[in-house]
Every structure is written in structure tokens, then in C-alpha cells.
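I'd like to ask some things about the structure below.
The values are calculated or read from the model by the stated rules, or taken from the named source; none is laboratory data. If you're wondering where the values come from, they're calculated on a predicted model, not measured in any experiment. A quick note on method: Cβ atoms are made from the backbone with ideal geometry, for glycine too, and the neighbour counts reach across all protein chains shown. For the accessible areas, the whole protein counts, side chains as well, though only heavy atoms, and no ligand, DNA or RNA atoms are used. Shrake-Rupley method; radii C 1.70, N 1.55, O 1.52, S 1.80 Å.
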Amino acid sequence: MKVFVAGCGTMGSGIAQVFASFGHETIMFDREADLVDRGYALIEKQVRRQLDKGRLTQEEAEALLANLKRSTDLDEAKGADLVIEAIFEDLETKRDLFGKLDKLCHPDCLFATNTSSLSISKIAQGQDHESRLAGMHFFNPAPVMKLVEVIRGAKTSDTAIDRIADVVRAIGKEPVLCQESPGFIVNRLLIPMINEAVDLLARGVASRDDIDQAMRLGANHPMGPLQLADFIGIDIVRNIMEIIQEGTKDPKYQPSPLLDRMVKDGKLGRKSGEGFYKY
Ligand code: CAA
């Protein structure tokens, strides 16, 4: 397949790495060359790690990197069999991008958005390819996590859902199907759980380390919820809580005031050097 991945942040580059590792010609697109290069450097670093650990041979590593093409030209999406959008979470920006891609891509091309909680129907509304657009939600780190949520918008066809689920299996992952609903499955469960952990910390019920230790040892989670919040990004956690709250109109999804304060203070987790932990 020829796969066009729009957005070269953590998720976009992880997704591009997965497709390239399965032998697909993969275009990494972003609006500026340094964003594309930064995403490519993340992949190079991961590939080097796998090489050092003996998980990849030199030939496999070279083949993976050779399958990646870097671009700031949207026209490269011409001839793509699958477009995956992984840009930042803004409805209008996503709609604008899909509107442009609509005119460039061939009539059989599949369109997927990696949105973590926005409405697939709203992203697709009014586009010619509405029936061929679905959610394809990967989890961080994309090369490691086995799950992809496949989300149906109001007009997504059965054929598109089946084809996307087949693509997911063909890249060694497991699809779960979901109707669109705020946060889909994983984030609807995971992010409020993290918000509760933040609330416990803010109320002084337990320390940061004890909250994380409790969930690592008491629920077998690989990371404690506060560690995971730092990994995901404090701003993203808060944003997903807001989207779930707006979508459900249920006050129980109110983001913890501690999350608001941390975002205001620029404590965004790993990416900013400090969140609940220092990096
Ligand atoms: N990219 C590629 N591979 C990576 C990686 C990355 N960023 N980070 C780790 N890995 C690989 C390592 O290379 C290693 O691979 P090998 O076994 O082949 O050597 C493997 O993952 C394990 O890594 P480590 O030994 O370094 O560390 P670990 O055992 O602590 O695992 C982890 C790290 C996989 C991140 C694990 O802690 C974990 O599963 N954490 C929970 C992650 C999670 O819940 N993700 C979902 C977040 S929510 C989300 O993404 C949705 C959203 O919309 C917000």
C-alpha cells in the first residue's frame, strides 16, 4: 500500500513507523520540514534501539527507513491507498485538511483520523469521501500497543469499516469496533480514571508515589495513573476530559482543578520536562 500520514508528532511518527515496518511505502507529511524531520528522527532513534537489542537486522532496519518518504507537499497524497490524519486536535483544521485531500485522492482511497475523542461525523461532514472516512485510533507508543479502535461515523460504510479492520490486522494489531461517542472506549475509561488519581492527590488522600504504586501493584497497570498522565501529556488529559464532559453534559467528567493549574504553569508532563514527575 501507499500510506500518507499527515502529522509527524509522537502519534504520526509512531504510526508511520508501523506501516513502514510492514513494508508499506509511507509518506510522512507535516506543514514544516523541521516538524517532519523531528518525527523522522524519533523513528531513527527507535530503529537504532531495536537494532542494538538485536530485534531488527541491519537489512530490516534499512528497509524500514527506506520505506519512509518525508514531505511538506500535500500533493504527495495523490495515489495513496490510505490516508491517516494525526495532526493536533482541532476540528476545523482537520476538516480543512480532509477537504483538500478529498480533491487530491483517488475515489477508492480510505481516509482515517487518529482523533482521540472528536466526532468522526463532524470531521467528515460534507466531504465527498464521507462514507470512506472512519476513526483509526492508535495508542502511544504506536509501535508497541496492540490495539486500534476503529470508529464508525454517521455515514461510514460497512465496506470502509471492514477494510480498515483488515488493514489493522495486516499491521499486526487488533481492531475493536466502536460507535462514535465521546472518548470512544479506552479514553472514556482511562482518562476519568487518571482524573480521579489527580483528585486523590489534590485532596491529600495519598502521595504521588503511593497512588502510582497502588495501581501498578494492585491493578497490574504497567504505569501508575500519574506517570501515565505525564506520558500522555497533562494538556491532552485535560482536553479529553473537557471533550467527554461537553459530549455527555455530565458534570462528573469535570477536569480536576489541579490539571488546570498544571497546564497554566506549563507543567505538561514528559514533553515539557515536568508534570507530576521531573524529567
Ligand atoms: N516507540 C517504540 N517502541 C517503544 C517506545 C516508543 N516510544 N517506548 C518503548 N518501546 C518499546 C521498547 O523498545 C521495548 O521493546 P522491546 O521489548 O522490543 O525491547 C518495549 O517497548 C518495552 O519498553 P521498555 O522496556 O523501555 O519499557 P517498559 O517495559 O516500561 O514499557 C511502555 C514501556 C510500553 C510504554 C509501558 O510502560 C506501557 O505499556 N505503558 C502504558 C502505555 C499506555 O497506557 N498507553 C496508552 C496511552 S493512552 C493513548 O495513547 C490514547 C490517547 O488518545 C491519549
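Looking at Ala20, Ala6, which one is within 19 Å of Ala112 (Cβ to Cβ), among the small types (Gly, Ala, Ser), buried (at least 19 other Cβ atoms within 10 Å of the Cβ) and more than 16 Å from the ligand (Cβ to nearest atom)?
On the way: Ala20 fails: more than 16 Å from the ligand (Cβ to nearest atom).
One residue alone meets the criteria, Ala6.
A further question on this structure: Taking segment 5-27, which residues are of a type in the set (A, V, I, L, M, F, W, C) and under 15 Å from the mean Cα position of the chain (by Cα)? Step through it out loud before you land on a result.
So the first thing to find is which residues in segment 5-27 are of a type in the set (A, V, I, L, M, F, W, C), and the list is 5-6, 8, 11, 15-16, 18-20, 22, 27.
Matches in segment 5-27: Val5, Ala6, Cys8, Met11, Ile15, Ala16, Val18, Phe19.
Exactly one condition in (1) away from the ligand (no atom under 13 Å from the Cβ); (2) modelled with pLDDT of 95 or more; (3) polar (S, T, N, Q) is not met by Ser181; state its number.
(2)
Name the single residue, out of those in segment 232-257 being over 15 Å from Gly183 (Cβ atoms) and surrounded by fewer than 17 Cβ atoms within 10 Å (Cβ to Cβ), that is modelled with the lowest pLDDT. Write out each step before concluding.
Going residue by residue through segment 232-257, those that are over 15 Å from Gly183 (Cβ atoms) are 233-235, 251, 256-257.
Then drop every residue that is not surrounded by fewer than 17 Cβ atoms within 10 Å (Cβ to Cβ), which leaves 251, 257.
On the way: Pro251: 94, Pro257: 98.
Ranking the candidates gives Pro251 first.
Let me ask something additional. I'd like the full set of residues that are open to solvent by 30 Å² or more (accessible area, probe 1.4 Å) and of a type in the set (Asp, Glu), limited to segment 122-165. Explain how you work it out, then say what you get.
Start the filter on segment 122-165 by keeping residues that are open to solvent by 30 Å² or more (accessible area, probe 1.4 Å), which leaves 122, 125-126, 128, 130-132, 140-141, 143-147, 152, 154-155, 157-159, 162-163.
Asp128, Glu130, Asp158, Asp162 - these are the residues of segment 122-165 that are open to solvent by 30 Å² or more (accessible area, probe 1.4 Å) and of a type in the set (Asp, Glu).
Is there any pair with a first residue in segment 37-49 that is under 15 Å from Ser71 (Cβ atoms) and assigned to a helix (DSSP H, G or I) and a second that is open to solvent by 70 Å² or more (accessible area, probe 1.4 Å) and within 9 Å of the ligand (Cβ to nearest atom) whose Cβ atoms are under 9 Å apart and which are 6 or more apart or on different chains, and what are they?
That search, which allows pairs on different chains as well, returns Gly39/Thr10.
Same structure, new question: For segment 155-185, give me each residue that is in a loop (DSSP other than H, G, I, E, B) and in contact with a helix residue (DSSP H, G or I) (Cβ under 9 Å, 6 or more places away or on another chain). Steps first, answer last, please.
Our first condition is that a residue be in a loop (DSSP other than H, G, I, E, B); within segment 155-185, this holds for 155-157, 171-173, 180-185.
Those that are in a loop (DSSP other than H, G, I, E, B) and in contact with a helix residue (DSSP H, G or I) (Cβ under 9 Å, 6 or more places away or on another chain): Lys155, Thr156, Ser157, Ile171, Gly172, Lys173, Glu180, Ser181, Pro182, Gly183.
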